[in-house]
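Taken together, the values in this text are just the output of simple stated rules run on the coordinates, not laboratory data. Since the model is a prediction, treat every value here as computed from it, not as a measurement. When we count neighbours, we look across all protein chains shown, and the Cβ atoms used for this are built from the backbone with ideal geometry, even at glycine.
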Amino acid sequence: MSSDCLFCQLVSEGDHVRKGEGFVAINDINPQAETHLLVLPERHVPTFREISEFSDDEAKRMLEFVAETAREQGLEDYRVVVNVGEGGGQTVFHLHWHVLGGRMGGLPG
């Protein structure tokens, strides 16, 4: 964990929607859809570029965690978005997935 990383702090002491298997889900504080969750690995990995730091099993569990979290929130149709790097819209450099469901606010179809 990185002591100066907002998401590392939220992993350890945030209000989790779901937690387990090395990952947590939290509500986004600036929702862009009716349901807007962030799924974070518990350990600090800056961006999706470092995905190779995860073992094959851990990467599989990560994707399963995203899908199970959406299902538990009652989402049948939804988007999963990963912003990579500043030019890709990433503002917090701790790998995370946006899970967006329901009515979307201004996102392209």
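Residues in the stretch 1-21 that are in a loop (DSSP other than H, G, I, E, B) and free of Cβ contacts under 8 Å to residues at least 40 places away in the same chain were compared, and the one that is nearest to the chain's Cα centre (by Cα) is His16. Considering only residues in the stretch 23-79 that are part of a helix (DSSP H, G or I) and among the aliphatic types (A, V, I, L, M), the one that is surrounded by the most Cβ atoms within 10 Å (Cβ to Cβ) turns out to be Ala70. Consider Ala59 carefully, then state whether it is touching a strand residue (DSSP E or B) at 6+ places or on another chain (Cβ under 9 Å) and not hydroxyl-bearing (Ser, Thr, Tyr). No; evaluated as a whole, the condition is false for this residue.
Residue by residue, here is whether (1) free of Cβ contacts under 8 Å to residues at least 12 places away in the same chain; (2) small (Gly, Ala, Ser) holds:
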residue: Gln32; (1), (2): no, no
residue: His36; (1), (2): no, no
residue: Glu42; (1), (2): no, no
residue: Val45; (1), (2): no, no
residue: Glu50; (1), (2): no, no
residue: Ala67; (1), (2): yes, yes
residue: Gln73; (1), (2): no, no
residue: Thr91; (1), (2): yes, no
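Among the residues of the stretch 64-80, the ones that are in contact with a strand residue (DSSP E or B) (Cβ under 9 Å, 6 or more places away or on another chain) and closer than 16 Å to Val24 by Cα come to 9 in all.
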